[in-house]
Amino acid sequence: MKRIISGVKPTGKIHIGNYFGAMKQHVDMQNDFESFIFIADLHSLTSEKNPEALRTQSLEIAKNYLAFGLDPKKTLLFKQSDIPLVTELAWTLNCITPMGLLERGHAWKDAKENKKRDPNVGLFDYPVLMTADILLYSADLVPVGKDQKQHIEICRDLAKSFNNLYGETFKIPEEHIVKSVETVPGIDGQKMSKSYGNTIEIFSDEDILRKQIMSIVSDSKGIEEPKDPETCKIFAIYKLFLNENEEKSLRERYKKGNIGYGEIKKELFKKFMEYFADFRKKYQELSTKESYILDILEEGKKKALPIAEAKIIEIRKKVGIL
Ligand code: ADP
Ligand code: TRP
């Protein structure tokens, strides 16, 4: 059985971009793959400086996954920092990583250009830690949104360099990106992201969600005018919740006109609440089950550790520190 691995940073509230672009895939794939999913708390340290927030958010990600239907019997769910060997591998990989490779990283370039942030070494090295996450567990596939594609390419480059230098050690992984949901737009039209404040969350209060959905940008076409579904951000988000026929019929309503954006957004809100109703209910149920969630993470740690240890011993021998 092929193995998948993926992680989500515990920074901010989970949104529909995270769900459709990545987390849904993780849950759907658990039946056909050996699945490893982790809470990328070490990656969050590059931006999250509030210890209490990091602690709460880490547990929250686990709760979100369980609410989405992740089955801990099928998926190994763990906290990245519970397997500190990953940082040893990141260091070993640092020592074969050309500076130039990381200087071309999108996230690093963005951080440098955005004068508001003070880019730290952790952010520069982010792709190497991510490479270590993937290679330590010998994953075949990495299901992610399109924004992570470059990181997986860096991972492949580093795995190949290591294999060339020290002999065959690492499996070369592939990204798994679902084209139709590779970049979910935010309510302002750019990519939806926790860091842009343009998200539609999933487990927040109804009032917040209504407000977020009602704020999706549109053009200024009047009610009677025909509208263009292909350029409309409301349509791009609405279609995530529709089957083929429903999407077709919405497209036709757009083209005919006599439909206002406000009305479409109200419909979308209703659809949204229906779509996520069971997940939100499950989430509420999990609210009082903190120790159950902690046990699952502990179990995940117990299972992930021997796999990581075996791989690290192989790597130590290869590079000559054992
Ligand atoms: P964010 O950008 O909101 O901080 P993360 O970096 O934690 O999100 O991403 C977690 C996962 O969700 C990654 O696999 C990422 O590619 C995916 N993802 C995030 N935003 C989107 C989006 N707008 N569309 C599709 N996938 C996304
Ligand atoms: N960088 C990913 C993100 O921002 C999170 C992540 C960390 C990850 N390590 C990973 C994803 C390994 C896939 C595989 O979303």
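Points to keep in mind about this one:
- Every residue from the stretch 157-191 that is of a type outside the set (D, E, K, R), closer than 13 Å to Thr97 by Cα and within 16 Å of ligand 2 (Cβ to nearest atom): Leu158, Ala159
- Qualifying residue in the stretch 30-42 (condition: within 15 Å of ligand 2 (Cβ to nearest atom) and farther than 24 Å from Asp140 by Cβ): yes
- Test: residue in the stretch 108-125 that is on the phi > 0 side of the Ramachandran plot, out of contact with any Leu (no Cβ under 6 Å at 6 or more places or on another chain) and away from ligand 2 (no atom under 11 Å from the Cβ): no
- If only residues of the stretch 137-156 that are assigned to a helix (DSSP H, G or I) and more than 10 Å from ligand 2 (Cβ to nearest atom) are counted, the one that is surrounded by the fewest Cβ atoms within 10 Å (Cβ to Cβ) is Glu153.
- Matching option when the condition is within 22 Å of Thr131 (Cα to Cα), at pLDDT 95 or above and surrounded by fewer than 19 Cβ atoms within 10 Å (Cβ to Cβ), among Thr56, Thr75, Thr87: Thr87
- Flag for Thr11 being farther than 22 Å from Pro72 by Cβ and near ligand 1 (Cβ under 8 Å from one of its atoms): yes
- Flag for Phe20 being crowded, with 20+ Cβ neighbours inside 10 Å and either at pLDDT below 95 or more than 12 Å from ligand 2 (Cβ to nearest atom) (or both): yes
- Candidates Glu52, Glu48 - the one that is without any contact (Cβ under 8 Å) to a residue 60 or more places away in the chain, within 16 Å of ligand 1 (Cβ to nearest atom) and out of contact with any Asp or Glu (no Cβ under 7 Å at 6 or more places or on another chain): Glu48
- Residue in the stretch 219-232 that is more than 16 Å from ligand 2 (Cβ to nearest atom), surrounded by 12 or more Cβ atoms within 10 Å (Cβ to Cβ) and under 23 Å from the mean Cα position of the chain (by Cα) present: no
- Residue count, the stretch 167-187 (criterion: part of a loop (DSSP other than H, G, I, E, B), free of Cβ contacts under 8 Å to residues at least 40 places away in the same chain and of a type in the set (Asp, Glu)): 1
- Hey, Ile134 closer than 20 Å to Ile307 by Cβ, β-branched (Val, Ile, Thr) and within 15 Å of ligand 1 (Cβ to nearest atom) or not: yes
- Condition check for Ala308: at negative phi and touching a residue at least 24 places away in the same chain (Cβ under 8 Å): yes
- Residue in the stretch 27-42 that is assigned to a helix (DSSP H, G or I) and within 11 Å of ligand 1 (Cβ to nearest atom) present: no
- Residues located in the stretch 233-260, provided they are assigned to a helix (DSSP H, G or I) and within 26 Å of the chain's Cα centre (by Cα): Lys233, Ile234, Phe235, Ala236, Ile237, Tyr238, Lys239, Leu240, Phe241, Glu244, Glu247
The values are calculated or read from the model by the stated rules, or taken from the named source; none is laboratory data. From a predicted model like this one, the values you see are computed outputs, not experimental measurements. Cβ sites come from the backbone with ideal geometry, for glycine too, and all protein chains shown count toward neighbours.
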